[in-house]
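K.L.:
So that we are looking at the same thing, I have put the structure below in structure tokens.
The values are calculated or read from the model by the stated rules, or taken from the named source; none is laboratory data. Predicted model, so just to flag it, every value in this text is computed and none were measured. Positions of Cβ are backbone-derived with ideal geometry, glycine not excepted, and every protein chain shown enters the neighbour counts.
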Amino acid sequence: MRKTVLFFTVIGLAGCVTLPPMKTLQTELPAAWQDSGQAKAPDNVAVAWWHAYNDPTLDTLMTEALAHNRDLHLAAARIEEARANLGLTEADRYPEVQVGADVGRSKITGKGSTPLPAGTPLASNRFKLNLQAAWEVDLWGRYREASAAARANLLATEYARHAIQSSLTGTLAQGYFDLAALDANIKLAQDTLTNRREAVKLHRLRFEAGITSELVLRQAEAELASIEANLAQLGQQTRRQELALALLLGREPRAILQTDIARGGGLFKLAVPPAIPAGLPSDLLQRRPDLRQAEQNLLASQARIREAGAAIYPNLSLTANLGTESKALADLFSGPAGIWGLAAGLSQTLFNAGRTEAAVQAAGARQDQALIAYEQAVQVAFKEVLDALVAHRQAREIGLAEADRTTALKRAAELADLRFQNGVSNYLEALDARRNLFQAEQGGIEARRAQLAATADLFKALGGGWEP
């Protein structure tokens, strides 16, 4: 009867704690990604999506960054820590065996209250060698769930490293495109500067000959100074961009100051990868490492709920020891010196002021947080894909418009020069035409950079590209 009462008492106590329900991932995504004016899909886009730009220099910089970037090194160290934590958690599921040796010498008093028999030695030795084993039987899966949580944490840490790598490669590609655009703007400014200097020389000769007014000369000189100032600003921006890229590459401080970033063929030599083909499934989004990381975090939180819930059940522990003990070292390994022991223990928490219930509720709250974090990650990923699609389409349209604009303004500048030379119009008209042409050519460079940047964002948003 006592055993029956005890059994039902334990079961009743366990029933007082209710585990929160396990949440499932439910995200509503469209069946496929859509974009207007799509090009044909590439035959193959590997994980190293930057190869699609056909720039060996960019490939080399990516390799350097993946090998030396400090953020990646830090993420790798976190993975090793998570792997070690998994090993510690797994160890709790197995018996612990220890070996111990004990040597001692002691003396008792011969003048105590209890008389000792004659000839009793007052000093004695003690030698002991013992092997002990202890094991807590995982009846309710407490340690199993702890191992599952640690394993999910390890996977989440590995996906976190992939997410850092994805961010690094995307940022590096963007920075490389920015640098190429700055180089293109510098080349444009240098060419324009040469033309402006020739114009100033011509107008100075015409002014000295009395053919033109001083106003025309000063306008030409002001335009020359404007281009020179613009060129100086571009040089400063280029150096800043080089330093930013050197930091991404993980270069040492001395190397950052002494070396320049290698250049490829230039902005307009970079291949523009085809945009995402219509009809690709939207579940490509699931390849993103940040989503996989959030998913593993949710699984870890659910395992922690089950681990906390297992604490409401009794614990069964087994212990054993085997060894030998004697007063003389010579007798330590003799048959009569052997000792052994076996024991089993069962414990059940009857009252802990609600600690177990609070632990379960806290684990449930962490599950809710992990689920919300996953849903937020999906929302962010979905937005990034749509933003990249829109940016790519708009950059392509802007690039075509800027090309048409540049063509028209080239002809307009030629006609304005002819009108000024023939005395039909003043120099200000020709100057405005040249300024407009310069701005249009800058716009074409920016449109090209934006188009390349949008494809890099799209690669990153889709988790590294796509298969046709």
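K.L.:
Scan the stretch 413-425 and give yes if some residue there is in contact with a helix residue (DSSP H, G or I) (Cβ under 7 Å, 6 or more places away or on another chain), outside any helix (DSSP H, G or I) and not β-branched (Val, Ile, Thr), otherwise no.
P.N.:
yes
K.L.:
Can you pull out the residues in the stretch 199-224 that are in contact with a Phe, Trp or Tyr (Cβ under 8 Å, 6 or more places away or on another chain), outside any helix (DSSP H, G or I) and not β-branched (Val, Ile, Thr)?
P.N.:
Hit for the stretch 199-224 is Ser213, nothing else.
K.L.:
Can you report the number of residues in the stretch 201-223 which are in contact (Cβ under 8 Å) with a residue 24 or more places away in the chain and among the β-branched types (Val, Ile, Thr)?
P.N.:
2
K.L.:
I need a count of the residues in the stretch 224-262 that are among the acidic types (Asp, Glu), without any contact (Cβ under 8 Å) to a residue 24 or more places away in the chain and either farther than 17 Å from Thr63 by Cα or touching a strand residue (DSSP E or B) at 6+ places or on another chain (Cβ under 8 Å) (or both).
P.N.:
Looking only at that region, the number is 0.
K.L.:
Please count how many residues of the stretch 103-120 are modelled with pLDDT of 75 or more, surrounded by 10 or more Cβ atoms within 10 Å (Cβ to Cβ) and part of a loop (DSSP other than H, G, I, E, B).
P.N.:
1
K.L.:
Further question: Within the bounds of the stretch 76-90, is there any residue that is of a type in the set (D, E, K, R), out of contact with any Phe, Trp or Tyr (no Cβ under 6 Å at 6 or more places or on another chain), at pLDDT 90 or above and in a strand (DSSP E or B)?
P.N.:
No, that holds for no residue.
K.L.:
Scan the stretch 122-142 residue by residue and report those that are within 47 Å of the chain's Cα centre (by Cα) and among the aromatic types (Phe, Trp, Tyr).
P.N.:
Trp135, Trp140
K.L.:
Also, I was wondering about something else. Using the structure shown, decide if Leu400 is farther than 30 Å from Asn153 by Cα and at pLDDT 90 or above.
P.N.:
yes
K.L.:
Something else about it: State whether the residues of the stretch 185-204 include one that is surrounded by 13 or more Cβ atoms within 10 Å (Cβ to Cβ) and either outside the structural domain of Ala48 (by TED's automatic domain parsing) or of a type in the set (Phe, Trp, Tyr) (or both).
P.N.:
Checking the stretch 185-204: not a single residue is surrounded by 13 or more Cβ atoms within 10 Å (Cβ to Cβ) and either outside the structural domain of Ala48 (by TED's automatic domain parsing) or of a type in the set (Phe, Trp, Tyr) (or both).
K.L.:
Considering each of Thr319, Thr407, Thr324 in turn, give the residue that is modelled with pLDDT of 90 or more, β-branched (Val, Ile, Thr) and outside the structural domain of Ala225 (by TED's automatic domain parsing).
P.N.:
When all the criteria are applied, what remains is Thr319.
K.L.:
Pick from Ser124, Ser167: which is outside any helix (DSSP H, G or I) and touching a residue at least 12 places away in the same chain (Cβ under 8 Å)?
P.N.:
Ser124
K.L.:
May I pose another question? Could you figure out which of (1) surrounded by 13 or more Cβ atoms within 10 Å (Cβ to Cβ); (2) touching a residue at least 24 places away in the same chain (Cβ under 8 Å); (3) more than 30 Å from Val385 (Cβ to Cβ) isn't true of Leu350?
P.N.:
All conditions pass for Leu350, except number (1).
K.L.:
Still on this structure, I have one more. Identify all residues within the stretch 328-382 that are under 30 Å from Ile312 (Cβ atoms) and assigned to a strand (DSSP E or B); write none if there are none.
P.N.:
Within the stretch 328-382, Leu342, Ala343, Ala344, Gly345, Leu346, Ser347 meet the criteria.
K.L.:
Let me ask something additional. Check Ala180 against each of (1) surrounded by fewer than 15 Cβ atoms within 10 Å (Cβ to Cβ); (2) of a type in the set (Gly, Ala, Ser); (3) over 30 Å from Ala82 (Cβ atoms) and name the one condition it does not meet.
P.N.:
Just one mismatch for Ala180, condition (1).
K.L.:
Moving on to the next point. Just wondering, is there one or more residues in the stretch 327-343 that are surrounded by fewer than 18 Cβ atoms within 10 Å (Cβ to Cβ), farther than 30 Å from Arg448 by Cα and at pLDDT 90 or above?
P.N.:
Yes, some residue in the stretch 327-343 is surrounded by fewer than 18 Cβ atoms within 10 Å (Cβ to Cβ), farther than 30 Å from Arg448 by Cα and at pLDDT 90 or above.
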